[in-house]
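Note sheet for the following structure.
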Amino acid sequence: MFDCAIIGAGPAGVTAAIYLRRNYFKVAIIEKNCVGGQIINSPMIANYPGILPTDGASIAYTMSQQLENYSPHFISSEVIDIKKDDHFTVICKDEEVEAQTVLVCSGMHHKILGIKDEQKYLNKGISWCATCDGTLYKGKDVAVVGGGMSALETCIYLSRIVNKIYLIHRRDSFRCDEFLVNKFMSLNKVLKKTEICFNEEIVGMNGKDHLEQLVLKSGRTLNVDGLFECIGFEPNTNFLANLSLINQSGFIIVDKEGNSKVDGLYAAGDVISKDVRQITTAVGDATIAATSIIKRLRNVVF
Ligand SMILES: Cc1cc2nc3c(=O)[nH]c(=O)nc-3n(C[C@H](O)[C@H](O)[C@H](O)COP(=O)(O)OP(=O)(O)OC[C@H]3O[C@@H](n4cnc5c(N)ncnc54)[C@H](O)[C@@H]3O)c2cc1C
């Protein structure tokens, strides 16, 4: 029996594992992909104190080394259900994990547009990660859809790789901080790679075996080899369907200790209902939740 089963090895999960292992608790950390979570897809992290601007993959690599140093029991699998009686049973695809407490740090995943023919081109022209797939489109024409931080970061990253970028946004202004908008605009003044298509939406996709063309709401067609979808995220909480602890949008509601409506099941990071989703906040939430779990495991009365 583990003292705590942590679900997800992004910034929140890794932080919690460090705190719990530094107090010698028996910890299992279950991750379906790789250590680092969403930051793997970030071309540049420049707002985390103590770390000079660097790519997300490098930080993820350091995180995995740090995690290894604290040697929690690492399980490479996907959690599909959680059951509770006098303790928790976390059901993974390949095994079951028994634990006194659970800390859900499962973060979020990319939304897709949900239009006809999109499924046909997933990973055949449609991507969510410029760092991972950008070089596939060297010298080619691509589109980026979205108007937030991730869309602009994607354009900035691709500007030095591709021939042309169509940035498609359904509104008439961007939804992210001024600093990033200014950075994007000044780079585009120099490189002239991005054509901004405000008040537009993608309504159709064409191509034989690979994406070749996008059809916009206005009727305009764009011939592109790739489309980077940066239109937001949904929480990874499907495996909690049997426990009623999520809000209407699927995020987990927790108290100030990180405890959910199911006592002993804690949550931290992007997966909880909150306003700001950043590495700093994920790490902060996880610190609070892990500290509460430590107190609980030591039977300290709050
Ligand atoms: C492109 C991009 C750029 C960003 N840039 C910045 C930035 O510059 N600065 C900043 O502060 N933040 C940035 N962010 C946001 C930041 O990455 C997140 O706020 C942070 O990663 C949240 O950490 P987390 O641990 O809560 O969740 P995540 O990072 O989402 O990690 C969750 C982990 O849980 C795993 N998981 C999910 N479901 C299951 C399951 N059922 N079973 C097992 N494992 C599961 C996932 O595989 C993942 O590894 C960026 C995000 C993106 C996508």
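Since every read-out is calculated from the coordinates, none of them should be taken as a lab result. Treat the numbers as computed from the prediction; the structure is a model and nothing was measured. So basically every Cβ, Gly included, is an ideal-geometry build from the backbone, and we count neighbours across all protein chains shown.
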In nm, give the distance between the simple-model label positions of Lys256 and Asn182, each being 7 Å from the Cα along the Cα-to-Cβ direction. 3.6 nm
Highest-fluctuation residue, Thr54, Thr131, Thr287 considered, GNM on the chain with Cα pairs under 10 Å: Thr54
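What number comes out for the charge environment of Lys208, summing +1 per Lys or Arg and -1 per Asp or Glu over other residues with Cβ under 14 Å away?
Working: positive: Lys120, Lys124; negative: Asp117, Asp209, Glu212, Asp225.
Value of the local net charge: -2.
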Between His87 and Thr221, what is the label-to-label distance in nm when each label sits 7 Å out along the Cα-to-Cβ direction? 6.2 nm
Only Lys, Arg (+1) and Asp, Glu (-1) charged, at Cβ; the stretch 132-212 dipole about Cα centre in debye: 320 debye
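State the Kirkwood hydrodynamic radius of the stretch 170-285 in Å, one decimal place, computed from all pairs of distinct Cα atoms.
Working: mean 1/r = 0.0554 Å⁻¹.
Final number for the Kirkwood radius of the stretch 170-285 is 18.0 Å.
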Just how large is the dipole of the stretch 1-145 about the Cα centre, in debye to the nearest 20, putting +1 at every Lys and Arg Cβ and -1 at every Asp and Glu Cβ? 460 debye
Using Cα centres only, tell me the gap between the stretch 120-148 and the stretch 208-274 in whole Å. 19 Å
Would you mind ranking Met205, Met185 by Cβ crowding within 10 Å, fewest neighbours first? Met185, Met205
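Go ahead and estimate [θ] at 222 nm for the chain from helices alone: -39,500 (n - 2.57) per DSSP H run with n ≥ 4, summed, over the residue count, rounded to 500.
Details: 7 runs with 79 residues, N = 302.
The helix contribution divided over the chain gives -8000 deg cm²/dmol.
Please give the length that would be gained between Lys138 and Thr280 if that part of the chain were fully extended, namely 0.36 nm times their separation in residues minus their C-alpha to C-alpha distance (nm, one decimal).
Numbers: separation 142, 0.36 × 142 = 51.12 nm, distance 3.32 nm.
The span from Lys138 to Thr280 would gain 47.8 nm if fully extended.
Using the 10 angstrom Cβ neighbour count as an exposure proxy, how do Lys111, Lys208 rank, fewest first? Please list the in-between numbers first.
Values: Lys111 14, Lys208 6.
The fewest-first ordering by Cβ neighbours comes to Lys208, Lys111.
What is the diffusion coefficient of the stretch 118-229 in µm²/s, taking the Kirkwood radius over Cα pairs and the Stokes-Einstein relation at 20 °C with a viscosity of 1.002 mPa s? Before the final figure, lay out each step's value.
Details: Rh = 13.9 Å.
Estimated via Stokes-Einstein, D reaches 155 µm²/s.
State the percent of C-alpha pairs, over all pairs in the chain, separated by a distance greater than 35 angstrom. Provide the component values of the computation, followed by the final result.
On the way: 12148 of 45451 pairs.
Counting pairs separated by more than 35 Å, the tail of P(r) holds 27 percent.
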About the Cα centre, charge dipole magnitude for the chain (Lys/Arg +1, Asp/Glu -1 at Cβ), debye: 720 debye
Sticking with the crude label model, points 7 Å out along Cα→Cβ, report the distance from Gln119 to Ser76 in nm, one decimal please. 2.9 nm
Which order do Lys261, Lys164 fall in if you start with the one that has the fewest other Cβ atoms within 10 Å? Lys261, Lys164
Using Cα pairs closer than 8 Å and at least 6 residues apart in sequence, work out the relative contact order for the chain, in percent. 20 percent
Towards the positive end of the charge dipole of the stretch 24-117, with charges on Cβ (+1 Lys, Arg; -1 Asp, Glu), say which of Tyr70, Asn41, Tyr24 has the farthest Cα. Asn41
Along the positive direction of the dipole of the chain (beta-carbon charges: Lys, Arg +1; Asp, Glu -1; about the Cα centre), which of Tyr266, Ile293, Ile165 reaches farthest? Ile165
